[in-house]
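None of the figures in this text is laboratory data; all of them are computed from the coordinates on show. Keep in mind it's a predicted model, so treat the numbers as computed, not measured. Glycine gets a Cβ as well: all are built from the backbone with ideal geometry, and neighbour counts include every protein chain shown.
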Amino acid sequence: MVGQTMFPNTGTVDRIIVEDRIVITRMRRYSMILLWGSALVCAPTCARAQDDWTQRVRTSAFAISATNADAIVRQARESHISGIEIDNDITGRYRSFLDPHEELAAIKALAGKAHAAGNHAFVYIAGWECITANADKSEHTFFKDHPDWVQRDINGKPAVFGGGTAFWVRGGDEDVWISPYAEPWRRM
């Protein structure tokens, strides 16, 4: 077809144009084949991504206790929440750090009720922050018991904050940031 052009003023330029059209047509065919082939290869992965609730979740955080699991699940349902973030205080609160049994039971209860209601639940873990409630009146606080575990600034000042420094730290509370280099902490 390249040599049989019927354009006026036929010549080399017309042949190049016709050749380019053939090349472009062939490129389009190959592109479509590659596109459809890619779609077939990607289909199982794309389907998995659509089925992955973490990619399309509507979430909200809830502070848990031993008695509020039903209220949280009801509130999540009423608000069309599909993923309940459980704010875990095992490492985030010194009392839970010392004895995590109550906190673990509350997490288990909430997760079970969320799943029974067809909802998802996941746990937020405050890995390096630890708050001691009523530290100003407590004999034991994280910083009093483990001053060598706390992060320090460039001048050696410990990362210890009191109430009012942030909205989640109440008056009288102690908020510390634990150093990832504290050997005893890392062995836990």
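Among L98, L110, L104, sorting on how many other beta-carbon atoms sit within 10 Å of each Cβ, with the fewest leading, yields L98, L104, L110. In this simple spin-label approximation, E78 and S60 carry label points 7 Å from Cα along the Cα→Cβ vector, and these lie 0.9 nm apart.
Gain on full extension, evaluated as 0.36 nm per residue between S138 and D87 minus their Cα-Cα distance, stands at 16.0 nm.
Fully extending the segment from A116 to A159, taken as 0.36 nm per residue of separation minus the present Cα-Cα distance, adds 11.3 nm.
Taking amide H atoms as placed 1.01 Å from N in the peptide plane, the amide H of F161 lies under 5 Å from those of D175, V176, each 5 or more residues away in sequence or on another chain. Counting neighbouring beta carbons within 10 Å and listing from fewest to most, the residues T59, T54 come out as T54, T59.
Stretching the chain fully between D145 and A105 yields a gain of 11.8 nm (0.36 nm per residue, less the alpha carbon separation).
The Cα center of segment 117-188 and the Cα center of segment 57-96 differ in position by 21 Å.
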